[in-house]
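Taking it in order: structure first as structure tokens, then the write-up.
All of the numbers you see were taken from the coordinates with simple rules; none came from a lab. None of these values were measured; they are calculated from a predicted model. Note: ideal-geometry Cβ built from the backbone for every residue, glycine included; neighbour counts use all protein chains shown.
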Amino acid sequence: MGVALDTFRLNKVRFALTALGMVIGTASLILVVTVGLTGKQYVIAQIQGIGANMIYAFHEGQAAASSSAQDDLTVGDMRAVEQEVDGIAAVSPMVQLHAGIPTGQGKEQDVLILGVGPPYRNIRNLDMLAGRFFDDVDSQARSKVVALTEHLAQHLFGSQDGAVGQTLKIMGLPFTVIGTFRERVETFGQSELAADTVVMPYTASRYLVSSDALDQIFFSMADLNEVPAATALIKAVIQSRHRRESVYRVENLAQLISVTNQTANALTVVLLLVSTVTLIVGGVGIMNIMLATVTSRTQEIGIRKAVGATAADIRLQFLAEAVLISIAGGLVGSAVGLSLPLSVRFLTHHRIPISGFSAVIAILVSSLVGIVFGTVPATRASQMDPIESLRHE
């Protein structure tokens with residue numbers, strides 16, 4: 001080991017250039033893991049922005065062979081679930097209908113109208129842009145108040161603040177706009193909320209619809225871990241209150257999070273395999289330089305064998321040099337790979353995940369590469385004939 005270190009001191013430039021491949025390889029491996037973790041964190045945060053604890057139920061229809069009358073969800077189903085399923089933090093009914101609202105000059109704007117409970121805002125993680133969302137007082141008083149989506153408020157009144165306090169005529173009834181909102185996460189029209197949506201208290205929506213049927217029921221669990229079990233219980237409670245041929249769907253986003261985790265992990269593994277190619281290339285570089293070194297140091301090898309060094313000593317010396325190059329490159333590469341995400345965390349508000357485990361793996365892999373690719377030149381050096389080595393010019 002001491003001989004290897006002395007060799008490096010005498011050939012610093014060669015040592016640095018040989019280790020450069022390992023620096024790039026280990027840094028890229030750590031950065032690939034960081035990118036994978038960051039992407040995974042971002043996607044899961046997007047899903048949680050929709051409502052990771054959310055469970056929603058709806059009537060899918062009747063069994064194929066059934067000709068029975070419609071068997072919709074009701075507020076009674078919602079109350080029964082609240083009583084029989086533990087851990088529910090919030091619930092909201094939902095009815096939806098389409099209507100046209102006058103916009104002046106004899107024109108109408110088609111909008112989606114949702115009648116929901118006050119907890120709907122927290123269940124769906126809605127961000128208020130102006131004004132407020134309706135509360136329990138509005139719901140109990142059946143107040144004719146509404147909240148508008150960001151797009152609809154901008155289209156009708158030119159701004160979010162300008163919409164608050166305005167009056168909308170819906171099916172001939174006047175409703176006062178008390179707030180505007182948007183979804184915390186963009187769902188690109190894949191949720192129950194459309195771009196032009198008017199949200200009002202469920203109790204006020206009964207002015208517009210005579211039926212007590214619900215289109216959906218939203219639940220929010222206090223604990224994310226309880227979501228899968230609660231989903232099954234909610235379905236059982238609802239099904240028990242209706243005809244056997246009626247089909248109800250009760251779903252959550254937990255499965256989506258699971259699939260996202262699996263996909264992100266698979267992508268990270270693929271990227272890691274690609275980044276290991278860089279380490280292999282660095283290992284090949286070490287092997288080539290060490291083979292050239294063996295040739296240039298033939299006389300040194302002959303002298304060491306002449307004074308009593310065994311083949312094992314020569315093999316160990318050159319193998320130690322290869323491993324030291326790899327470990328040094330791995331340590332520097334790990335420092336580079338960790339410094340970039342750490343800089344982002346300290347200099348910006350982004351909380352990029354950092355995996356110290358990936359740095360350990362990178363150093364171990366770089367050491368293994370040094371051993372594997374250093375074996376060939378070390379073996380060649382140990383097999384040299386001492387007499388022929390001393391005659392080498």
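Only one item in (i) 36.0; (ii) 19.9; (iii) 30.2 matches mean projected area of the Cα convex hull in nm² derived from the coordinates shown, and that item is (iii). Of the peptides 28-35, 169-176, the order by per-residue mean of other Cβ atoms within 10 Å, starting with the highest, comes out as 28-35, 169-176.
What percent does the relative contact order of the chain come to when contacts are Cα pairs within less than 8 Å and at least six residues apart? Numbers along the way, then the final one.
Numbers: 675 pairs, mean separation 113.2, N = 393.
Answer for the chain is 29 percent.
Against the main long axis of the alpha-carbon atoms of the chain, helix 75-84 sits at an angle near 50°. Amide H to amide H, with H built 1.01 Å from N, Gln109 comes under 5 Å of Ile101, Thr103, counting only residues 5 or more places away or on other chains.
Extension gain for the segment Gln262 to Arg244, taken as residue separation times 0.36 nm less the Cα-Cα distance, is 2.9 nm to one decimal.
Between Leu291 and Val274, residue separation times 0.36 nm minus the direct Cα-Cα distance comes to 3.5 nm.
Scalar couplings 3J(HN,Hα) for segment 245-260, obtained by applying the Karplus form with A = 6.51, B = -1.76, C = 1.60 to θ = phi - 60°, are 7, 6, 10, 10, 10, 10, 10, 8, 9, 5, 5, 4, 5, 4, 5, 4 Hz; x denotes Gly and Pro.
What is the calculated FRET efficiency for Asn122 to Ala194, with r their C-beta to C-beta distance and R₀ = 22 Å, to the nearest 0.05?
On the way: r = 21 Å, r/R0 = 0.94.
Efficiency computed from Cβ-Cβ geometry: 0.60.
In this simple spin-label model, placing a label point 7 Å from the Cα along the Cα-to-Cβ direction at both Asn225 and Lys107 gives a separation of 5.5 nm. Can you check what the net charge comes to around Pro102, using other residues whose Cβ is under 9 Å from the Cβ of Pro102 (Lys, Arg +1; Asp, Glu -1)? So the surrounding residues net to +1. At full extension, Phe346 and His151 could sit 66.6 nm farther apart than now, given 0.36 nm per residue minus the alpha carbon distance. Each other residue within a Cβ distance under 13 Å of Pro228 adds +1 if Lys or Arg and -1 if Asp or Glu, for a net charge of -2.
Rounded to the nearest whole Hz, the Karplus-based 3J(HN,Hα) values (6.51 cos²θ - 1.76 cosθ + 1.60, θ = phi - 60°) of segment 104-111 follow the sequence x, 6, x, 9, 10, 10, 6, 9, with x at glycine and proline.
Estimate the FRET efficiency between Ile44 and Ser339 by the formula 1/(1 + (r/R0)^6), using the beta-carbon distance for r and 35 Å for R0, to the nearest 0.05. Could you put the intermediate results ahead of the total?
Working: r = 26 Å, r/R0 = 0.73.
Efficiency, from the Cβ-Cβ distance: 0.85.
Computing FRET efficiency as 1/(1 + (r/R0)^6) for Leu173 and Ala213, where r is the C-beta to C-beta distance and R0 is 22 Å, gives about 0.60. In the chain, helical runs assigned H by DSSP with n ≥ 4 each contribute -39500 (n - 2.57); averaged across all residues and rounded to the nearest 500, the mean residue ellipticity at 222 nm is -18500 deg cm²/dmol. Against the chain, whose longest principal axis comes from its Cα atoms, helix 356-382 is set at around 30 degrees. Taking Cα atoms only, the orientation of helix 12-51 departs from the longest principal axis of the chain by about 10 degrees. Comparing Glu108, Glu186, Glu251 in a Gaussian network model of the chain (Cα springs below 10 Å), the most mobile by mean-square fluctuation is Glu108.
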